[in-house]
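Only the coordinates and a few stated rules stand behind these numbers; no lab work does. On a predicted model such as this, the values are computed, not experimentally measured, just so you know. Heads up, the Cβs are rebuilt from the backbone with ideal geometry, glycines too, and the neighbour counts pull from every protein chain shown.
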Amino acid sequence: MAKGVIQIEENRCMGCGFCEMFCNKGCIEMTDRVSQFGLPLPDFSNPEDCSACGMCAWMCPHVAIEVYKYVEKSSSTSN
Ligand code: SF4
Ligand code: SF4
């Protein structure tokens, strides 16, 4: 089950493929789609396996990825 979700800012992406290479869950795949720079774009193609580890964001040289971690909603105890 997904522990988080990522957002790829395509305007910043330079198509290096590091995000695909370093995601050990296989959540990211480079595609045939191209950016405004004519470079290949990645897709978050397998979101259900994302562990929210943050590795893709760490490895992206262009700071194009944000990682959002799901948090459990705590039950309210206030009366
Ligand atoms: S946060 Fe981790 S598991 Fe999720 S897409 Fe990025 S590298 Fe893969
Ligand atoms: S690591 Fe960053 S710049 Fe490289 S393909 Fe992925 S999103 Fe684009």
For this session: Using a cut-off of 11 Å between beta-carbons, work out the net charge of the residues near Pro47 (Lys and Arg +1, Asp and Glu -1, Pro47 not included).
Result: -1
Problem set entry | Among Cys50, Cys27, Cys16: highest mean-square fluctuation, GNM of the chain, C-alpha pairs under 10 Å | Cys16
Exercise. Relative contact order, percent, of the chain when contacts are C-alpha pairs under 8 Å separated by at least 6 residues?
Worked result: 41 percent
